[in-house]
Amino acid sequence: MKICFTAKGTTLDAQTEERFGRAPYFILVESETGSFEAIQNPFADGGGGVGPKAAQVLIANHVRALVSGQVGGNAREVLAAAGIVMYTYRDGGTVRDAFDQFSKKTLEQSA
Amino acid sequence: MKLAIASGKGGTGKSMVAANLAYTLAWTGQVTLVDCDVEEPNLHLFFPAPASAREITMPVPVIDEIVCQHCGKCGEFCQYGALTVLPDRILFFSELCHSCGGCMLVCPNDAIHEEPKRIGMLSVSNPQPGLKLISGTLDTGSPHAVPVIREAKKQAEKDPLVIIDTAPGTSCPVVEALDGCDACVLVTESTPFGLHDLQLAVDVAARLGVPAGVVINRSDGKDDETLRFCTDNDLDILITIPFSRDIAAIQNRGDLLCRVRPEWQKDFYSLFLKCRALAGVER
């Protein structure tokens, strides 16, 4: 399944980003194969309502789980309605670190 | 004439100046005082009187889920993130909606119509002969100050002399209140904070093309920096109100300086005359 990590850069070695709606990049990792793609978040510098808009990007890309530091109320509502499971990662490591923790099932589900 | 009372900094005495100016001018003709500080309107405290009130609403989309095909066009169109279309339903966040009506226009199935949603209250009173007070009050939790301000100003649209008390700061609510005014009074105090925020307010007024003058309130006589800034920027000092225990005491019990000390009325009338000159209008 496809998992989204919020990140400051475009690779697995990029630092994770705590914010969801204003994360510069979404790294989409295929959990079975470890292959990934980076998507630039078009709403990172948006004026308002960025949470639900960013959530729509995840829905359009068939993401099943999100790993991020903090997800706002509106985004949370959209993601929950779309059946995307949210996990909290706030250790400030790389996407690879967060993915390792996700694989070991040590991340806490946030909703 | 439409005259706005603004400031960058909060607590400089906008409402005090607006209330005393309106009180003074009401003896000479019809004046409408509009409280556009809709997040914390308080001019009615200076002018207690029975008021008539009505709701202020804004149109928001309502989706007919039977007709809706979940095509996603409205969600793509909405720049505010107010609509999210899922395969089986639509999520609507009314606090993100700006009532642009675009979702309705782009819907190919006519599945969207608008219904009013309450965002605040508008009250109107006549606290003394010659004076009409209009107050806009934003509902707690609503982020839509601008449409409430627009509605309050609209209520005074046909009135000959309108004094608009704005919110502090320089963001959307202030811009909406200042927009279309013939002149504005920027109330400041002689502190580094007052001067800093005055500079911001001057910039906003200039960008909106509203001629501005300055009132220095609570002056301790050491206004050199403010005076220099005003000279450099070609801003007239309209009146200076001194730092005084007597004035503070009157204000603190919710009274009006010009009611308790009528000799101040000539200062506020001269403020009005200078504003009229700034605006270049008759009244």
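The values are calculated or read from the model by the stated rules, or taken from the named source; none is laboratory data. Remember, predicted model here, so these are calculated numbers, not experimental data. As a convention, Cβ positions derive from the backbone with ideal geometry for all residues, glycine included, and neighbour counts pool all protein chains shown.
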Practice problem: Considering only the stretch B:123-224, give the helices (runs of 4 or more DSSP H) lying wholly within it that have at least 1 residues that are among the polar types (S, T, N, Q). | Solution: B:145-155, B:192-208
Quiz prompt | Selection count where residues are within 12 Å of chain B (Cβ to nearest Cβ), free of Cβ contacts under 8 Å to residues at least 40 places away in the same chain and surrounded by 16 or more Cβ atoms within 10 Å (Cβ to Cβ), scope the stretch A:12-47 | solution = 2
Practice problem: Could you figure out which of (1) within 14 Å of another protein chain (Cβ to nearest Cβ); (2) within 20 Å of the chain's Cα centre (by Cα); (3) surrounded by 15 or more Cβ atoms within 10 Å (Cβ to Cβ) isn't true of B:F92? | Solution: (2)
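Quick one: how many residues across the stretch A:83-93 are outside any strand (DSSP E or B) and either surrounded by fewer than 20 Cβ atoms within 10 Å (Cβ to Cβ) or within 12 Å of chain B (Cβ to nearest Cβ) (or both)? If you could, list the steps in order and put the result at the bottom.
So in the stretch A:83-93, the residues outside any strand (DSSP E or B) come out as A:83-84, A:89-93.
If we keep only those that are either surrounded by fewer than 20 Cβ atoms within 10 Å (Cβ to Cβ) or within 12 Å of chain B (Cβ to nearest Cβ) (or both) as well, we get A:83-84, A:90-93.
Matching residues across the stretch A:83-93 total 6.
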Quiz prompt | Number of the exception - A:A55 against (1) among the small types (G, A, S); (2) part of a loop (DSSP other than H, G, I, E, B); (3) closer than 26 Å to A:K104 by Cα | solution = (2)
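Determine, yes or no, whether B:D88 is among the charged types (D, E, K, R) and in the same structural domain as B:L195 (by TED's automatic domain parsing). Talk me through it step by step, then tell me what you get.
Details: among the charged types (D, E, K, R): yes; in the same structural domain as B:L195 (by TED's automatic domain parsing): no.
For B:D88, the condition - among the charged types (D, E, K, R) and in the same structural domain as B:L195 (by TED's automatic domain parsing) - is not met.
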Quiz item: Taking only pairs six or more apart or across chains, which ones have beta-carbon atoms under 7 Å, a first residue in the stretch B:266-281 that is surrounded by fewer than 18 Cβ atoms within 10 Å (Cβ to Cβ), and a second residue that is in a helix (DSSP H, G or I)?
Solution: B:Y269/B:T24
Exercise. Give the residues of the stretch A:72-82 that are in a loop (DSSP other than H, G, I, E, B) and either at pLDDT 95 or above or facing chain B (nearest Cβ under 7 Å) (or both), sorted by residue number.
Key: A:A82
Practice problem: Working only within the stretch A:48-71, note down all residues that are more than 8 Å from chain B (Cβ to nearest Cβ) and either under 23 Å from A:D100 (Cβ atoms) or not hydrophobic (A, V, I, L, M, F, W, C) (or both). | Solution: A:L58, A:N61, A:H62, A:V63, A:R64, A:A65, A:L66, A:V67, A:S68, A:G69, A:Q70, A:V71
Quiz item: Regarding B:L238, is this residue of a type outside the set (G, A, S) and either in a strand (DSSP E or B) or within 25 Å of B:Y23 (Cβ to Cβ) (or both)?
Solution: yes
Quiz prompt | Residues of the stretch B:224-235 satisfying the condition of being among the acidic types (D, E) and under 13 Å from B:L198 (Cα atoms) | solution = B:E225
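Among the basic types (K, R) and either within 14 Å of another protein chain (Cβ to nearest Cβ) or in a loop (DSSP other than H, G, I, E, B) (or both), is that true of A:R96?
Numbers: among the basic types (K, R): yes; either within 14 Å of another protein chain (Cβ to nearest Cβ) or in a loop (DSSP other than H, G, I, E, B) (or both): no.
Considered against the rule, which asks whether it is among the basic types (K, R) and either within 14 Å of another protein chain (Cβ to nearest Cβ) or in a loop (DSSP other than H, G, I, E, B) (or both), A:R96 comes out as no.
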